[in-house]
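The values are calculated or read from the model by the stated rules, or taken from the named source; none is laboratory data. Quick caveat, the model's predicted, so the values are computed rather than measured. Cβ placement follows ideal geometry from the backbone for every residue including glycine, while neighbour counts extend to all protein chains displayed.
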Amino acid sequence: MSPLSSRDPATRGLGMTSQRARDRMIATLVEAGIRDARVLDVMRQLPRHLFIDEALASRAYENTALPIGQGQTISQPYIVARMTEALIEHALPRRVLEVGTGSGYQCAVLARLVEQVYTVERIEELLRNARRRFRKLGLANIRSRHDDGRLGWPDEAPFDAIIVTAAGAALEPGLLDQLVPTGCLVAPVGPPGRQELLRVRGGEEGWVSERLGAVSFVPLLGGTG
């Protein structure tokens, strides 16, 4: 991977968006239990401040979720790292589907790790902004679509892995149908206040689900906007 931080001054950041701020964020993630060096290296390089409003840039490397408009948020760095780590722990997938592009940050992390990312977003304005960020960072291995993410992307299935960045009341069964038999899905599930992060992996005995801990996500909604 070529270092993203060297591309231009805006990407490198300054002060509260500098490399030193990113290094402090990584130290926080390590203290919180993130161990995958691949994930840590990508998040150390990736300029999170480009994925949020300029007015909030000074908070970009805090371990907290931040608003991105349209009632949505960019997940806290720990959650992005934990979900990515869980997705690639047993095997590095080649093709990944992301449900819920949002700011594009989770997608950008994945794009630095896997061959191809397909991402679906229901809110057109968020998708336009994310696409602009992908172009700025030279992330050419991302395909994006404005659609109801609960439907996945059946025309491009099957995928090696699927990551869902909003919480439904239950797993969408149609998404599992878009995985290869040995695939992996990571998603938050449950009502507000009682959400859990789940990992579902396929094997000889079918789908096996693991609980990875309590989380808090915006709800997974249908339709487009």
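Details
- Among the residues making up the range 71-102, those that are part of a loop (DSSP other than H, G, I, E, B) and either modelled with pLDDT of 95 or more or closer than 26 Å to Ala140 by Cβ (or both) are Ser75, Gln76, Glu89, Ala91, Leu92, Pro93, Arg94, Gly100, Thr101, Gly102.
- Every residue from the range 30-55 that is aliphatic (A, V, I, L, M), within 23 Å of Ile68 (Cβ to Cβ), at pLDDT 95 or above and assigned to a helix (DSSP H, G or I): Val39, Val42, Met43, Leu50
- Lone unmet requirement of (1) closer than 28 Å to Ala214 by Cβ; (2) assigned to a helix (DSSP H, G or I); (3) in contact (Cβ under 8 Å) with a residue 40 or more places away in the chain for Glu125: (1)
- Only one entry in Leu175, Leu113 is closer than 22 Å to Ala65 by Cβ, surrounded by 16 or more Cβ atoms within 10 Å (Cβ to Cβ) and under 17 Å from the mean Cα position of the chain (by Cα), namely Leu113.
- Qualifying positions in the range 169-196 - in contact with a Lys or Arg (Cβ under 7 Å, 6 or more places away or on another chain) and either more than 17 Å from Pro93 (Cβ to Cβ) or of a type in the set (Asp, Glu) (or both): Glu172, Glu196
- Residue within the range 47-66 that is under 16 Å from Ala166 (Cα atoms) and either without any contact (Cβ under 8 Å) to a residue 12 or more places away in the chain or among the charged types (D, E, K, R) (or both) present: no
- Extreme residue, modelled with the lowest pLDDT, among residues of the range 130-152 that are crowded, with 21+ Cβ neighbours inside 10 Å and under 22 Å from Leu221 (Cα atoms): Gly149
- Apart from one condition, Glu85 fits all of (1) over 24 Å from Leu175 (Cα atoms); (2) surrounded by fewer than 24 Cβ atoms within 10 Å (Cβ to Cβ); (3) charged (D, E, K, R); the exception is (1).
- Residue that is surrounded by the fewest Cβ atoms within 10 Å (Cβ to Cβ), among those in the range 159-171 that are touching a residue at least 60 places away in the same chain (Cβ under 8 Å) and part of a loop (DSSP other than H, G, I, E, B): Ala166
- Ala27 being at pLDDT 95 or above and loosely packed, with under 15 Cβ neighbours inside 10 Å: yes
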